[in-house]
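The values are calculated or read from the model by the stated rules, or taken from the named source; none is laboratory data. Note that the structure is a prediction, hence the values are computed from the model and not measured. Cβ atoms come from the backbone with ideal geometry, glycine included; neighbour counts cover every protein chain shown.
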Amino acid sequence: MNLEEIESIGDAHISGNIETPLRSDAFEKSDDDKIKNIQYHFSEIMKELGLDLTDDSLSGTPYRFAKMYVKELFYGLNPQNRPNISTFDNKYGYEKILVEQNISIDSSCEHHFLPIVGNAHVGYIPKDKVVGLSKINRLVDYYAHRPQVQERLCLQILKDLQQTLGTDDVIVVVNAKHLCVSSRGIKDKNSFTTTVEYGGQFTEPSIRNEFFDIINKSVDLS
Ligand SMILES: [Zn+2]
């Protein structure tokens, strides 16, 4: 790939696959080994930029950076970190829309490794199974903590919830600002991106609109 193609893939935020592209040996090393290696490589990047790593303020940065990457920002790469989502029988027979909204999105763009911040709204129509509400937030958090493109993030949340809940009747909306758009490139501070993915009953416009009515008219509980 030439440099122009590399830039244009980043600017277009193109991604080909719903699965995060991972190497087959992605989890053979321990987290501690990864932190050690990333610490070394990031210190080399800092040196290349001309920074003096003997300075007190900078000397711990490569370690902090490496630990943040492995344990925080990208913990969601490792399937072992997927939250355990136990489902319960839908004993009360609730079969209308349930909406979990304003779920925080803290993610990172895989083309520039800059933050993607915003919120997600998730709706589903229960069949036989329901989940604890906070589990939806945890699942969103897990998929967000990977190098991502927003379209894939939205789809990964949808597919997982459809599988976990045993129904296609799920809708996911993600609104997010991309720092790679606001702080570099076009430098647009105000625009944000919305993605919507849904299946099952939400393919019906009336059901989908019921969901959008709920998220648009909801009271501010903060
Ligand atoms: Zn980007």
query = Does region 101-129 hold any residues that are assigned to a strand (DSSP E or B), away from the ligand (no atom under 16 Å from the Cβ) and surrounded by fewer than 19 Cβ atoms within 10 Å (Cβ to Cβ), and which are they?
reply = Gln101, Asn102, Ser104, Asn119, Lys129
request  = Could you grab me the full set of residues in region 200-222 that are under 25 Å from Asn137 (Cβ atoms), in a loop (DSSP other than H, G, I, E, B) and out of contact with any strand residue (DSSP E or B) (no Cβ under 7 Å at 6 or more places or on another chain)?
outcome  = Val219, Asp220, Leu221, Ser222
task = Give me the pairs, please: first residue somewhere in region 199-212 and in the same structural domain as Leu98 (by TED's automatic domain parsing) and over 12 Å from Gly123 (Cβ atoms), second residue anywhere and surrounded by fewer than 16 Cβ atoms within 10 Å (Cβ to Cβ) and modelled with pLDDT under 95, beta-carbon distance under 6 Å, and either six or more positions apart or on two chains.
result = none
inquiry  = What pairs come out if I take residues in region 179-197 that are closer than 17 Å to Ile215 by Cα and pair them with residues that are within 11 Å of the ligand (Cβ to nearest atom) whose C-beta lies under 9 Å away, six or more apart or interchain?
reply    = Thr193/His13; Thr193/Ile116; Thr193/Gln150; Thr193/His178; Thr193/Val181; Thr194/Gln150; Thr195/Gln150
ask   = How many of the residues in region 157-199 are under 24 Å from Val131 (Cα atoms) and not in a loop (DSSP other than H, G, I, E, B)?
value = 19
message = If I filter region 170-190 down to residues being more than 11 Å from the ligand (Cβ to nearest atom) and within 19 Å of the chain's Cα centre (by Cα), which single residue comes out as farthest from Ile116 (Cα to Cα)?
response = Val170
query = Restricting the first residue to region 131-159 and requiring it to be of a type in the set (Gly, Ala, Ser), which pairs with a second residue that is surrounded by fewer than 20 Cβ atoms within 10 Å (Cβ to Cβ) meet a Cβ separation below 6 Å and a spacing of at least six or different chains?
reply = Ala144/Asp106
query = Which condition number in (1) in a helix (DSSP H, G or I); (2) assigned by TED's automatic domain parsing to the domain that holds Cys154; (3) of a type outside the set (Val, Ile, Thr) is the one that Glu7 fails?
reply = (2)
inquiry  = Please go through region 77-97 and give me each residue that is outside any loop (DSSP other than H, G, I, E, B), out of contact with any helix residue (DSSP H, G or I) (no Cβ under 7 Å at 6 or more places or on another chain) and within 17 Å of Gln163 (Cα to Cα), ordered by number.
reply    = Pro79, Phe88, Asp89
ask   = Tell me, which residue of region 38-67 that is exposed (fewer than 14 other Cβ atoms within 10 Å of the Cβ) and under 27 Å from Ala144 (Cβ atoms) is nearest to the chain's Cα centre (by Cα)?
value = Arg64
